[in-house]
There are 2 protein chains.
Amino acid sequence: MSRSSRRRTPLAHPATGEIDLLDVLHALSDPTRMTIVRTLRAEPERACGTFPVDVAASTLSHHFKVLRESGLIRQREEANRRLTALRAADLEERFPGLLDTVLTAYAQG
Amino acid sequence: MSRSSRRRTPLAHPATGEIDLLDVLHALSDPTRMTIVRTLRAEPERACGTFPVDVAASTLSHHFKVLRESGLIRQREEANRRLTALRAADLEERFPGLLDTVLTAYAQG
């Protein structure tokens with residue numbers, strides 16, 4: 001399989017009802033991933049290379065995977081870009097108030 | 001240093017103002033540690049061997065260390081026992097609403 005066709009493999013995302021709280025807490029417990037989530041809070045959808053984080057591409061890719069598999073973000077391919085969005089509504093449906101409470105706590109910390 | 005005097009070394013706990021949100025989220029992201037926190041919620045102080053968790057003593061000791069260093073629990077020695085309590089008031093002061101929101105989310109998950 002060529003690299004470009006591999007990149008087209010649909011990305012796996014948990015259904016809203018399957019989002020696991022412990023996975024979400026783990027995903028949020030890292031400073032880079034927290035920065036990604038906070039950045040997406042302010043902006044509905046962003047291309048992968050545009051986040052204000054200073055880590056290697058492979059590390060960033062790992063962080064996006066953890067966030068995606070936890071249900072915190074949704075990613076989709078569009079032309080040559082991978083676009084990332086926060087699943088704020090899904091999170092709110094699954095765990096009401098959780099994301100707000102955590103982000104508020106982080107902002108005041 | 002003998003084993004018994006080592007056990008008397010005062011246990012380190014972060015001050016309330018130094019409790020770090022990412023450490024708290026990490027501590028809560030494990031099912032055994034979550035069970036310990038939920039058990040302590042219902043009971044002010046408990047001896048270490050009395051938690052309803054099925055893990056090796058060394059693993060349990062590690063989990064208590066992670067919880068203690070995150071600021072979620074306080075432990076003290078009394079006679080031959082190590083007693084563990086949830087720092088619910090300290091957490092509430094540091095991150096209002098956080099523990100309630102997380103435990104409610106977990107209970108409904």
Practice prompt. Any residue in region A:29-48 that's away from chain B (no Cβ under 12 Å): show its pairings with residues that are part of a loop (DSSP other than H, G, I, E, B) at Cβ separation under 6 Å, as long as the two are six or more apart or on different chains.
Written response: A:Ile36/A:Phe51; A:Thr39/A:Phe51
Worksheet entry | Single residue of region A:75-109 satisfying the filter (in contact with a Phe, Trp or Tyr (Cβ under 9 Å, 6 or more places away or on another chain) and either assigned to a strand (DSSP E or B) or of a type in the set (Gly, Ala, Ser) (or both)) that is farthest from B:His26 (Cα to Cα) | A:Arg82
Fill in: Test for B:Leu83: is it more than 19 Å from B:Asp20 (Cβ to Cβ) and touching a Lys or Arg at 6+ places or on another chain (Cβ under 7 Å)
yes
Practice prompt. Please go through region A:15-32 and pick out each residue that is open to solvent by 30 Å² or more (accessible area, probe 1.4 Å), assigned to a helix (DSSP H, G or I) and within 21 Å of A:Ser61 (Cβ to Cβ).
Written response: A:Asp23, A:His26, A:Pro31
Discussion item. Among the residues that make up region B:51-58, is at least one of them part of a helix (DSSP H, G or I), open to solvent by less than 20 Å² (accessible area, probe 1.4 Å) and either in contact with a His (Cβ under 7 Å, 6 or more places away or on another chain) or in contact (Cβ under 8 Å) with a residue 12 or more places away in the chain (or both)?
Written reply: no
Discussion item. I'd like the full set of residues that are closer than 16 Å to B:Thr35 by Cβ and acidic (Asp, Glu), limited to region B:48-84.
Written reply: B:Asp54
Item to complete: Evaluate region A:8-15: report whether one residue or more is at pLDDT below 95 and of a type in the set (Ser, Thr, Tyr).
Response: yes
Worksheet item: Which one is least open to solvent (accessible area, probe 1.4 Å) among residues in region B:68-109 that are of a type in the set (S, T, N, Q) and within 14 Å of chain A (Cβ to nearest Cβ)?
Response: B:Ser70
Item to complete: Find the residue count for region A:74-98, including only residues that are in contact (Cβ under 8 Å) with a residue 40 or more places away in the chain and among the aliphatic types (A, V, I, L, M).
Response: 5
Practice prompt. Would you be able to tell me the number of residues in region B:13-28 that are closer than 17 Å to B:Gln108 by Cα and either more than 7 Å from every other protein chain (Cβ to nearest Cβ) or without any contact (Cβ under 8 Å) to a residue 24 or more places away in the chain (or both)?
Written response: 0
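The values are calculated or read from the model by the stated rules, or taken from the named source; none is laboratory data. Given the structure is predicted, the values throughout are model-derived calculations rather than measurements. All Cβ positions, glycine included, derive from the backbone under ideal geometry; neighbour counts span all protein chains shown. Remember, those area values only see protein heavy atoms, side chains included, never the ligands or the DNA or RNA. Shrake-Rupley method; radii C 1.70, N 1.55, O 1.52, S 1.80 Å.
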